[in-house]
Amino acid sequence: MSGDSVPPVLADSVWPAVPSGALVLVPVGSTEQHGPHLPLDTDTVVACAVARRTADALAGGTQGPHGPPLVAPAVAFGASGEHAGFPGTVSIGHEALHAVLVELTRSLSLWAGRILFVNGHGGNTATLDRALAQLRAEGHDAAWTACEVPGGDAHAGRTETSLLLHLAPGRVRLDAAVAGDTRPLAALLPELTARGVRAVSPSGVLGDPAGASAEEGRRATAAMVAAAVRRVTAWTPDTRGRLTDPDRSAATRTPPTSPTAAKGAHQ
């Protein structure tokens with residue numbers, strides 16, 4: 001993050017300093033394999049960066065009814081069963097993740113005015129849809145948004161490698177990077193759903209890290225933050241609790257790809 005403005009970090013606060021009715025951003029990631037060259041917490045790193053930079057941008061603008069945003073500690077474990085064939089992956093599954101999201105929101109709602117989950121792992125999508133639809137039906141002012149890179153590859157390829165070269169360059173092992181299965185996600189999804197990532201790509205990579213750069217990662221991060229700011233400012237959740245993007249000119253005709261869009265029915 002650049003500049004002197006630092007968004008309030010909930011974990012660093014003392015309780016008398018926490019404003020009632022705040023907007024709270026909760027990063028949601030995963031702990032799962034990201035090929036031989038990226039760290040296991042890649043999704044969490046991306047979600048935290050987007051949440052904190054979004055909070056920074058919102059805090060620097062005109063304050064809305066919820067005052068300065070707060071960034072909560074990340075949910076670092078998600079639904080990553082499709083990566084279970086790789087040592088290091090830790091998945092809590094869809095049902096446990098659903099319970100975590102619901103109980104976090106119910107607890108935050110005791111003092112927060114609005115809750116936004118910022119998701120960095122595609123495998124969490126179905127659970128976020130289900131949990132936020134339930135929570136909104138309960139009357140909670142909560143929603144979620146994804147860290148999306150239009151046209152990006154599926155997992156641990158050029159897209160995520162570029163993001164990490166920008167966000168955490170010292171943690172990227174470029175000398176170990178290899179190309180994986182480069183077919184489009186739509187072509188891979190049936191096999192991923194049935195057999196998991198390792199059956200499709202022994203390296204764990206879905207895409208090709210070749211050509212990744214910190215500058216590409218910087219541009220992708222800035223675009224994700226700009227989209228998140230637009231969505232939060234408009235605050236128009238759909239029936240699944242997803243924030244919609246009011247800037248139609250920024251939307252693409254094809255669905256955008258999450259940095260880790262590979263997801264299956266595994267637990």
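The values are calculated or read from the model by the stated rules, or taken from the named source; none is laboratory data. Computed from a predicted model, the values in this text were never measured in an experiment. Methodologically, a virtual Cβ is constructed for each residue, glycine included, from the backbone with ideal geometry; neighbour enumeration extends over all protein chains shown. Just the protein is used for accessible areas: all its heavy atoms, side chains included, with ligands, DNA and RNA removed. Shrake-Rupley method; radii C 1.70, N 1.55, O 1.52, S 1.80 Å.
Once you have the Cα-Cα distance between residue 223 and residue 179, take 0.36 nm times their residue separation minus that, and quote the gain in nm to one decimal.
Residue separation times 0.36 nm, minus the Cα-Cα distance, leaves 13.3 nm.
Quick one: if the Förster radius is 41 Å, what FRET efficiency do residue 236 and residue 12 give, using the C-beta to C-beta distance and rounding to 0.05?
0.85
Translational D (Stokes-Einstein, µm²/s) of the chain at 25 °C and 0.890 mPa s when Rh comes from the Kirkwood sum over C-alpha pairs?
For these conditions, the coefficient is 133 µm²/s.
Do any chymotrypsin sites (Phe, Trp or Tyr not before Pro) in the range 17-118 lie in a loop, going by DSSP, with at most 13 other beta-carbon atoms within 10 Å of their beta carbon, and if so which?
111
What shape does the range 26-110 take by its C-alpha gyration tensor, where a ≥ b ≥ c are the square roots of the eigenvalues and a/c under 1.5 counts as rounded, a/b above b/c as prolate, and the rest as oblate?
Judged from the Cα gyration tensor, the range 26-110 comes out oblate (a/c at least 1.5, b/c at or above a/b).
Select from 236, 166, 83 the residue farthest towards the positive end of the dipole of the chain; place +1 on Cβ of Lys and Arg, -1 on Cβ of Asp and Glu, and compute about the Cα centre.
Positive-end residue among those listed: 236.
For labels at residue 90 and residue 247 in the simple 7 Å Cα→Cβ model, what's the distance in nm?
3.6
Is the range 42-196 best put as rounded, prolate or oblate by its Cα gyration tensor, with a ≥ b ≥ c the root eigenvalues, rounded for a/c under 1.5, and otherwise prolate when a/b is larger than b/c, oblate when not?
Verdict is oblate for the range 42-196.
When every alpha-carbon pair in the range 110-212 is counted, what percent end up more than 24 Å apart?
Counting pairs separated by more than 24 Å, the tail of P(r) holds 39 percent.
Please label the shape of the range 182-249 as rounded, prolate or oblate, based on the square roots a ≥ b ≥ c of the eigenvalues of the alpha-carbon gyration tensor (a/c under 1.5 means rounded; beyond that, a/b larger than b/c means prolate, else oblate).
Because a/c hits 1.5 or more and a/b fails to exceed b/c, the range 182-249 counts as oblate.
Leaving out ligands and nucleic acids, note down the accessible area per residue over the chain with a 1.4 angstrom probe, in whole Å².
I get 43 Å² per residue for the chain.
How big is the charge dipole of the range 1-138 about its Cα centre, in debye rounded to the nearest 20, if each Lys and Arg gets +1 on its Cβ and each Asp and Glu gets -1 on its Cβ?
It comes to approximately 320 debye.
Can you work out the Karplus-derived ³J(HN,Hα) for every residue in the range 197-209? Use 6.51 cos²θ - 1.76 cosθ + 1.60 with θ = phi - 60°, whole Hz, and x for glycine or proline.
Karplus values, whole Hz, x for Gly and Pro: 5, 5, 5, 8, 9, x, 7, x, 8, 10, x, 9, x.
Output the 0 to 90 degree angle, nearest 10, between the alpha-carbon long axis of helix 185-195 and the longest principal axis computed from the alpha carbons of the chain.
Computed tilt is about 80 degrees.
When the helices in the chain are scored as -39500 (n - 2.57) per DSSP H run of 4 or longer and the sum is shared across all residues, what 222 nm value do you end up with, to the nearest 500 deg cm²/dmol?
Calculated from helices alone, the mean residue ellipticity at 222 nm is -11000 deg cm²/dmol.
Which log10 I(q)/I(0) values does the range 8-58 give at q = 0.19 Å⁻¹ under the Debye formula, counting every alpha carbon as one identical point scatterer?
-0.72
Which angle between 0 and 90 degrees, to the nearest 10, do you get for helix 125-137 versus the longest principal axis of the chain when only C-alpha atoms count?
Long axis of 125-137 versus the principal axis of the chain: about 20 degrees.
Residues with amide H under 5 Å of residue 144's amide H, sequence separation 5 or more or different chain, H placed in the peptide plane at 1.01 Å from N; which?
Hits under the 5 Å cutoff: 117, 242, 243.
Quick check: at a probe of 1.4 Å, how many percent of the accessible area of the chain sits on carbon and sulfur atoms?
That share works out to 57 percent.
Which distance in nm do the two modelled labels at residue 187 and residue 133 give, with both placed 7 Å along the Cα-to-Cβ direction?
Reported label-point gap for residue 187 and residue 133 is 3.2 nm.
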